[in-house]
1. Go through region 377-386 and count every residue that is polar (S, T, N, Q) and crowded, with 19+ Cβ neighbours inside 10 Å.
2. With 166, 200, 176 as the choices, which residue is open to solvent by less than 10 Å² (accessible area, probe 1.4 Å), at pLDDT 95 or above, under 18 Å from residue 55 (Cα atoms) and away from ligand 2 (no atom under 16 Å from the Cβ)?
3. Just to verify a result, which residue in region 183-196, among those that are in a loop (DSSP other than H, G, I, E, B) and out of contact with any strand residue (DSSP E or B) (no Cβ under 6 Å at 6 or more places or on another chain), is least open to solvent (accessible area, probe 1.4 Å)?
4. Search region 183-202 for residues that are more than 23 Å from residue 20 (Cα to Cα) and pair each with any residue that is assigned to a loop (DSSP other than H, G, I, E, B) and away from ligand 2 (no atom under 16 Å from the Cβ) when their beta-carbon atoms are under 6 Å apart and the residues are at least 6 apart or on different chains.
5. Determine which single condition residue 66 fails, assuming it passes every other condition in (1) of a type outside the set (Ser, Thr, Tyr); (2) over 29 Å from residue 155 (Cβ atoms); (3) open to solvent by 40 Å² or more (accessible area, probe 1.4 Å).
6. Can you name the residue in region 370-425 that is within 20 Å of residue 272 (Cβ to Cβ) and of a type in the set (D, E, K, R) and is also farthest from the chain's Cα centre (by Cα) among such residues?
7. Mind telling me which of the residues 437, 452, 448 ends up being among the small types (Gly, Ala, Ser) and open to solvent by less than 40 Å² (accessible area, probe 1.4 Å)?
Amino acid sequence: METILNYIDGKWTNALSGDYFNVINPATGEVVAKAAKGGRDDAKMAIAAAKREFYNNPNGWRRFSAVKRSEILLKIADELEKQRDSFALIETIDNGKPLREALGDVDDAVSYIRYYAGAARMPSGVSYDVNDGFGQMQSFTIKEPVGVCALITPWNYPLLMGVQKIAPALAAGNTIVFKSSSETPMSTAKFFEILSKSEIPDGTVNLVMGSGSTVGNELSENEYVDMVSFTGSTEVGQSIYRASAGNIKKIGLELGGKSPNVIFADADLDGAVEWAMVGVFFNQGEVCSAGSRIIVEKSIKDKFVDKLKQRAENMTIGNGVENPDMGPLISENHLNKVLDFVEKAKNEGANIVCGGYRYTEGECAKGYFMKPTIIDNVTRDNTAVKNEIFGPVVTIQTFETEKEAVDMANDTEFGLAGAVFTSDGARAFRVVKEIRAGVMWINCYNPAFVEAPWGGYKKSGTGRELSFEGLEEYTETKQITMNLNPGKLGWYK
Ligand code: NAP
Ligand code: MG
């Protein structure tokens, strides 16, 4: 069985405690690898290396020219692309997602690295004409790396979420300590093999696996960490926010969601059904932006739900390596949580249109599979409408007016994403502008692009990832003012 180690200061190392944790394939329940279980002291070692490299190495990564950083990142992308198939297979074995989707994740990861390799060389900073009582002066800004960045990721897109943080952090010249989710450490550890063989100096990129309450908490609290970028649940995001206050870390939080998918009667019905499927059943519904609240105009509700039900019931379920429509959920524990939500929703009066139970046909009995689930007859305060379920579960609500649709869409503590389906362009834009969320789709659901910023309003987070904005998150702005007549004194003469 494979043993995965931490990577600290240029060396592959066991945890100081000597402990390991099991890595499980959710399609079979089998242990497929063991991983070094780092703790606070391992995290401290990694932070010390990253700090030394950032602050004390005169030839450190941040002093590499942008061109050099860019070239190294491009080589890393090429190497990842070469190993596309083995990365995808590992991701499917560790996370459960269909191989086809895992391949898509690797392709996206390659593309993200190339984007940030290019972005590293883009112009940045602004110049300001500030001539005033002080005499002739010019102010301008330059962008500098933040310092030691702690990057903490969830299990739903292990490689992609990792690369989404690592690539811009490195492009900007930072040093990093990375912590993967204990559910899915394999693909990012393999990515660190590529990083370890690159020309990035030792101590610049560090990997510490281990639990959130120890490694994650140390990364958030430690005074030598300058920034934390976290993707995960709102609850953990809140605790990281608090833990980061000690030294006022820069912070990026990509958190949970409960996103509305609003469908008007004039929409292309079959198209809306297909996108709604992608919206909520892609990646087993384990997607932060999942369109888990369908809000459909009353006059087409029955037709819409019939079609959606037919599509959902026909989905194939199985081991991700066989490329079914849907793989297993991440763990037995998570599956039970999702099933509990469905049970509670039922007890509160909801009607289960289809699914709602564990799927145990044939080989699936060994894994953590679930039938895609549609729930209707829900009130606004039903458990299934209120909570992020993070599984293949969608609720159906109805509206009669545009205002009612918008009110319902906004009736949530989250604000990550949402969509509107209609053939009326002006209405689409009106509704999109009224919904308080960071990402909105019109007549589609879920596509994300490295060129466009991603992030949430409200309890879905703060800061943006992807795009040039995502790069700027990993920088500080330095304002510099130059006196153009050095001999001349200021206003007090
Ligand atoms: P999670 O339980 O919040 O865990 C995320 C990461 O944080 C894991 O690496 C976890 O470590 C670590 N962690 C746990 N407690 C911590 C603490 N006290 N301090 C520091 N780190 C800690 O989330 P998850 O279950 O992995 O992922 C699902 C959630 O992620 C959903 O809410 C989903 O919406 C959100 N998500 C959001 C986005 C977005 O872009 N907005 C994208 C993907 C996912 P261990 O698990 O190893 O202990
Ligand atoms: Mg796993």
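1. Applying the first criterion (polar (S, T, N, Q)) to region 377-386 yields 377, 379, 382-383.
Narrowing further to those that are crowded, with 19+ Cβ neighbours inside 10 Å: 382-383.
The number of residues fulfilling the criteria is 2.
2. Values: 166 fails: under 18 Å from residue 55 (Cα atoms); 200 fails: open to solvent by less than 10 Å² (accessible area, probe 1.4 Å).
Answer to the check: 176.
3. From region 183-196, those in a loop (DSSP other than H, G, I, E, B) are 183-185; that's our starting set.
Of the ones still in play, those that are also out of contact with any strand residue (DSSP E or B) (no Cβ under 6 Å at 6 or more places or on another chain) are 183-184.
Numbers: 183: 73, 184: 1 Å².
Across region 183-196, the extreme among qualifying residues is 184.
4. 202/9; 202/10
5. (3)
6. Here the answer is 400.
7. On the way: 452 fails: open to solvent by less than 40 Å² (accessible area, probe 1.4 Å); 448 fails: open to solvent by less than 40 Å² (accessible area, probe 1.4 Å).
From the options 437, 452, 448, the qualifying one is 437.
Table: residues versus (1) among the acidic types (Asp, Glu); (2) closer than 17 Å to residue 305 by Cα.
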{"site": "374", "(1), (2)": "no, yes"}
{"site": "380", "(1), (2)": "no, no"}
{"site": "385", "(1), (2)": "no, yes"}
{"site": "390", "(1), (2)": "no, no"}
{"site": "398", "(1), (2)": "no, yes"}
{"site": "407", "(1), (2)": "yes, no"}
{"site": "415", "(1), (2)": "no, no"}
{"site": "421", "(1), (2)": "no, yes"}
{"site": "424", "(1), (2)": "yes, no"}
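The values are calculated or read from the model by the stated rules, or taken from the named source; none is laboratory data. Quick caveat: nothing in here was measured; it's all calculated off a predicted structure. Virtual Cβ from ideal backbone geometry, glycine too; neighbours counted across all protein chains shown. These area figures cover heavy atoms from the full protein model, side chains too; ligands, DNA and RNA do not enter into them. Shrake-Rupley method; radii C 1.70, N 1.55, O 1.52, S 1.80 Å.
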